Structure formats: structure tokens, C-alpha cells
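Accompanying notes for the structure given below.
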Amino acid sequence: MRNTLDFLLYDWLKVQDLSGRERFADHSRDTFDAVLDTCERIAREKFAPFNRLADTEEPRFDGERVHLPQATHEALAAYVGSGMLAAAQDHGHGGMQLPCVVEMAANCFFSKASVAMGGYAMLTNGNANLLMAHGTEMQRKVFAMNEFSGRWFGTMCLSEPQAGSSLSDVATRAEPDGEGFDADPLGPRYRLTGNKMWISGGEHEITENIVHLVLAKIPGTDGKPLPGTKGISLFIVPKHLVDTQGQLTGERNDVALAGLNHKLGYRGTTNCLLNFGEGRQTPGGKRGAIGYLVSKPGDGLRCMFHMMNEARIGVGLGAVMLGYAGYEASLEYARQRPQGRPITAAGKDAAQPQRPIIEHADVKRMLLAQKSFVEGGLALELFCAHLVDEQQTGSAEDADTAKLLLEVLTPIAKSWPSEWCLEANSLAIQVLGGYGYTRDFPVEQYWRDNRLNMIHEGTHGIQGLDLLGRKVVMDGGKALMALAARVSDTAQRAGQVPGLAEAANELGAALAAVGGATKKAWSTGQPEEALANATPYLQAFGHTVLAWIWLDVALSLTDRDDDFARGKRAAQRYFFAYELPKIHAWLGVVARREPLTREMQDAWF
């Protein structure tokens, strides 16, 4: 994997050029490589050997404490010691001022080695980044800085047992905590009551404290919470209360673990049902979990999207790396497993020795599919991370374009790898045959772990609604037009290169088909009609984006003709020959506003 990662970073994205910008002036390819080397080593030594252990020794709650394997504690201590939690932060905040794209590339190794153990760090980083963007100076100092140092870990608490993804229906309440509630130096102080479900990292003893970011509603003057998402506010709710110096006060907050969820995969990450304000603890002599308001009342969802969008790209990266791990395992197996003999015009000669299964065309098909999915997915995630750097440090024009591209690509960055790199894991099992289905080989765990990513941070249906319902039509379609301009530029350049001209024409046709279907979906102006087929639209859009990514990558290989380059070109050809044609079936139902799913009746099932 490392050679592909290096190629995408330095030959395709040219990230070494970022060192010419003021923020990254202390860096060079040498410092970027040193970070990658360190993370690769820690992942290899502290995470990968214990991935199966974290899967089989699931978190256990004895009624008082959650127990995790010691290896999880040691792996995360090594991660904290690397400084990666604050990698992209300012030097003044204890960070390295690394570009986001290099930070994400370095985290690839942890997701590949043990995505479940690495999940605690991803959530903590996102939690702290949100507070840096939306918290007060005191909240940044007390909470974010202690998370970046690894002294505390963090979570995001959105879903509830009765609400799931329907955040407008959250029922957790936040009441002002008496007189002077708005004078607390840590932020306006409230008492929270309610339940949160599916909280990854919600309880553990890896760190001395856990910082929960919790969505809740503040009641109006009539005592009732405002309906819909406009009434949602965001609160910092620490497991243990702290003072303004970031020291534990010795008082436990009224946050209690009600139970652990036992999932198909991702078993190494605690997944919790948390009760806020049930009265098991009485901080300050009263029931109710103490929470500190972030930003202002009613601003919760806007603030939380900072973490949610970051997490969506992180989920996409995790999906890619699980697919990559399965691809490498099945490739190694295929090279070693002898089975079958060549078929000639006279049939098979049983006297001939068996050949490795990698010599069979159908096995090559499955390996090529995996290669095109995981390497294309990795390029997509790195491209999105590079857009973050452009948005933060590029020229005004480049920053504006990067912002638009991130808007329209975030649903793809989350959803596409979680579907197609899961398919790569399924193909890896298929390459191993019956052995792939057993726990003697790792590919079944990779599939189980990856299956969750289709649900993490919003299902396909939610991402499709976001893409077709908001992203491609907002501001008169500016984000879609910005993406179309990039895709058209790649197609135009590829059209001048021998061997790529046909693919350039196919990409142009795919882009036109997406644009045409988008217009037809909205031609009646009826959201119910346009959005009924949002998921196939998402799939077609994602495949078109990946075709563009692959063609752009291929353009970086025109001066190379070694095995590495031939493999990349074969993966690009595979995607165009076997995958891109699928978009026309997906877009067909979108363009004609196929009514079947809207008209289907409950009784007919």
C-alpha cells in the first residue's frame, strides 16, 4: 500500500508543494515521510497484531466498569504519544501544523491495522476540532486542548433510541441550571436529561475523562421544546466535572452507561446507550447532567455538522482501508493457492500441475475489481483532504472552489467507499472460497467491520437526499458546476493522450448523463418525485466521480511503463469497462422519476 500512498501524495496531488505556503513552511517531503513512517510502524506493531483480539474480546460491562483488552490501552497510548491527535493544529496548541491530507494519509495505517481501536482517536480529534471552531476560548483551553494531548477522549451524542437519524425528534432536554447559569466560565450551564443511543466510545477507562458533545433541546417559555431542528442546541457534557484549569474536581457527572450494544463488527469500539440525568449521580447535590452550551441556543446542528462532515470523510477513509486490507490478504492468498489447470482446446490435462488461482481470469476479475475500488477510494479521500488544505491556505479563488467541491463531494466520500469497498471485502472472501468464510483468515472480520460504515454518519438514503436534495441544487447549482468544470478539464486533457481518449469520451458522456438526470428529476419541482430515487442517483454520481478520479490518476502515469503503472492503468480500464456503464441503469429511474417506490403500499408487501 505504501507505494500507492506515496504516488498519490507526491506524484498525483503534489502535496510537497504545500510546504511553499506559510502555514506549512517548516515542512518538506522529508518531514511528511517521517510522519508516515512513524504511523506505519506504530500501526504495524501496536494495532495490527491485536485486531483479532479486539474483535473476540469484546468490551464487557460488569455493572460498574467497562473492560477492554490491555492491548487497546497500549495501542492508543502509542497513538497519543505520536502526537497525531493534534497533528494539524497550530504549533502554539501543541500541534505539528501538518496539512490535512498528510494527517489523513498517516491515519490510513491505523484504520487498516485496526479500525475499531483507531475509532476512539478519530472521534476525539473531531470533537476537539469542533470546539476549536465553535467553542469559547475557555472551552478550547479546558476541553479541546486536553483532548488534543490525549489526556481525555471525546464522543458525539446525536441519536436517541426513539429517533435514530431523525434529529428533529430528539427528546433530550436542557434546562438552565439555576440562577447565574449564564455566568459559568466554562459556558452557560444547563442540566440535561435524556437518553443517547449508538454512542461510539461512550464509556471506557482508556483516559481519565470523556468529553461528550450532546445535542439537546432547551424548552421555551411554555416549557415545551421547539419543534424541528431549529430548537437543537449543543452541549459539552464531561463524564467527570472539571475546573477552569482542566483539573478533575472529584465529582462524577450524572451520565451513566445503561448498556453496551453488541454489533456485527467494530467490536473493539465500545458502543453505548447513555442515560443523562437519571439521578445515579447528583453533581452539586442535584440530579441532571451538567452541560455547557456551545455557541448559542438553537445553533447545535450547525455546530455539530462541523464534526459530522469531518467524521463522514473519516468513515469513508476507514471503509477504504478495510477494503484495502481485504484486497491485500486475498491477493496474497491467490498467489499461493494452487487450484485448477489451464483449459485448452482439448480440455484440461489432469497430468499437468495445478496453477495458482491468480492465473484464472475470474480471480483476476475479482482482484481487479478490488484494486479499482480501494485504490480509487483512497485517491478520492486524499483528494477531499487536499481540498480542506486548499480551503484553509489557498488563494481566495481556490479556497472558494475547494469549499464548493467539498460540499458536493462529502456525501460521495462517505457513501461510495462504504458501499464499494465493502463489495471489495465480499470479493476478498470469494477469492478465498470456503476459507474466506472462516475465522482462520482475516477477510471475514474485515467484511463485518466494514458493514457498519454504510450506516455510520448517515445511511445511503440520507446521503442521497443530501446530495440530490441540497448539494447539487444549492446556490443555483454552483457546487455541481464547479465539479463539472474539474471533470471536464480532466476529460479534455485525457482526450489528447493516446490510450485515454476513449475513456475521456466515456467520462464526458457520463457527466452529461448525470447533469441531464439531475434536471429531469427536478423538472416538476416536486421534492417527493425528485427524491424518491435519490439513492440510485447517489450511486451513479459516485461512480462518475470515481471514473473521473481514475482518469485523472492515469494522467499522472503517462511517462511510466513499469509494473506499478501498468497495474494502475489496468484498474482504470477495469472501472471504465465494468463499472461506469452501470450509471445508465441508475440514472434511468432518476430521469423518469420512477414512481414505484412512492406508490408501493404497505399491504402489498
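The values are calculated or read from the model by the stated rules, or taken from the named source; none is laboratory data. This is a predicted model, so every value here is computed, not measured. Note: ideal-geometry Cβ built from the backbone for every residue, glycine included; neighbour counts use all protein chains shown. Just the protein is used for accessible areas: all its heavy atoms, side chains included, with ligands, DNA and RNA removed. Shrake-Rupley method; radii C 1.70, N 1.55, O 1.52, S 1.80 Å.
Ordering of 165-178, 73-86 by packing is 73-86, 165-178, highest average first (other Cβ atoms within 10 Å, averaged per residue).
Let me know the shape class of the stretch 223-269, please: from the alpha-carbon gyration tensor, a ≥ b ≥ c as square roots of the eigenvalues, rounded when a/c is under 1.5, otherwise prolate if a/b is greater than b/c, or oblate. Because a/c hits 1.5 or more and a/b fails to exceed b/c, the stretch 223-269 counts as oblate. The Rg/Rh ratio for the stretch 264-314, using Cα coordinates for both the radius of gyration and the Kirkwood hydrodynamic radius, is 1.09.
Look at the dipole of the stretch 189-324 built from charges on Cβ: of Val320, Cys303, Pro227, the Cα furthest out on the positive end belongs to Pro227. For the stretch 197-251, a Kirkwood hydrodynamic radius built from all Cα pairs, placed in the Stokes-Einstein relation at 4 °C and 1.567 mPa s, yields a translational diffusion coefficient of 96 µm²/s. Each peptide in 340-346, 390-396 receives the mean, over its residues, of other Cβ atoms within 10 Å, and ordering these scores from highest gives 390-396, 340-346.
A convex hull fitted around the alpha carbon atoms of the stretch 285-347 yields 214 Å³ per residue.
Please compute the length gained on full extension between Asp33 and Glu251, using 0.36 nm multiplied by the number of residues separating them and subtracting their Cα-Cα distance.
Between Asp33 and Glu251, full extension yields an extra 74.1 nm.
Taking a Cβ cut-off of under 14 Å around Lys520, the surrounding Lys, Arg, Asp and Glu residues balance to a net charge of +1, with basic ones at +1 and acidic ones at -1.
Provide the FRET efficiency to the nearest 0.05 for the Ser165-Gln339 pair, computing r from the beta carbons and using R0 = 56 Å.
It comes out at approximately 0.80.
The angle between the Cα long axis of helix 534-555 and the main principal axis of the chain comes to about 60°, on a 0 to 90 degree scale.
Computed over the alpha carbons of the chain, Rg followed by Dmax gives 25.0, 92 Å. Can you say what percent of the DSSP beta bridges in the stretch 114-227, counting only those with both residues inside, are antiparallel? Round to 5. Percentage antiparallel, nearest 5: 40. Projected label points at Ala501 and Glu137, each 7 Å from Cα along the beta carbon direction, are separated by 6.4 nanometres.
If you take all other residues with their beta carbon under 14 Å from the beta carbon of Met197, and give Lys and Arg +1 and Asp and Glu -1, the sum is -1. Rounded if a/c is under 1.5, else prolate if a/b is larger than b/c, else oblate: which is the stretch 241-351, with a ≥ b ≥ c the root eigenvalues of its Cα gyration tensor? Judged from the Cα gyration tensor, the stretch 241-351 comes out prolate (a/c at least 1.5, a/b above b/c). So what's the net charge close to Ile218: Lys and Arg +1, Asp and Glu -1, counting the other residues with Cβ under 10 Å from its Cβ? That sum, taken over residues with Cβ under 10 Å, equals +1. The alpha carbon gyration tensor of the stretch 497-605 gives principal lengths a ≥ b ≥ c with a/c of 1.5 or higher and a/b greater than b/c, which makes the shape prolate.
Extension gain for Glu332 to Ala346 (0.36 nm times residue separation, less C-alpha to C-alpha distance): 1.9 nm. Here Ala361 and Lys582 are evaluated by their C-beta separation; at R0 = 22 Å the FRET efficiency comes out at 0.60.
Per residue, what accessible area does the chain have, given a 1.4 Å probe and all protein chains present, in Å²?
41 Å²
If you roll a 1.4 Å probe over the stretch 1-58 with all protein chains in place, what percent of the accessible area is carbon or sulfur? Result for the stretch 1-58: 44 percent of the exposed heavy-atom area is carbon or sulfur. Annotation: the antiparallel percentage among DSSP beta bridges lying fully within the chain is about 85. Counting only residues at least eight positions apart within a chain, or on another chain, the lysines with an alpha carbon under 26 Å from that of Lys371 are Lys14, Lys112, Lys414, Lys568, Lys582.
Per atom type, the stretch 82-151 shows carbon and sulfur on 55% of its accessible surface, probed at 1.4 Å. FRET efficiency for the pair Asp243 and Gln70, taken as 1/(1 + (r/R0)^6) with r the Cβ-Cβ distance and R0 = 41 Å, rounds to 0.85.
Taking Cα atoms only, the orientation of helix 501-521 departs from the longest principal axis of the chain by about 50 degrees. Inter-label distance, Ser488 to Asp17: 2.2 nm, where each label sits 7 Å from its Cα along the C-beta direction.
Remark: spin-label model distance Leu264-Lys478 equals 4.0 nm, labels positioned 7 Å along the Cα→Cβ axis.
Quick one: angle between helix 563-574 and the longest Cα principal axis of the chain, in degrees between 0 and 90, rounded to 10, please. Here the helix axis deviates by roughly 80 degrees.
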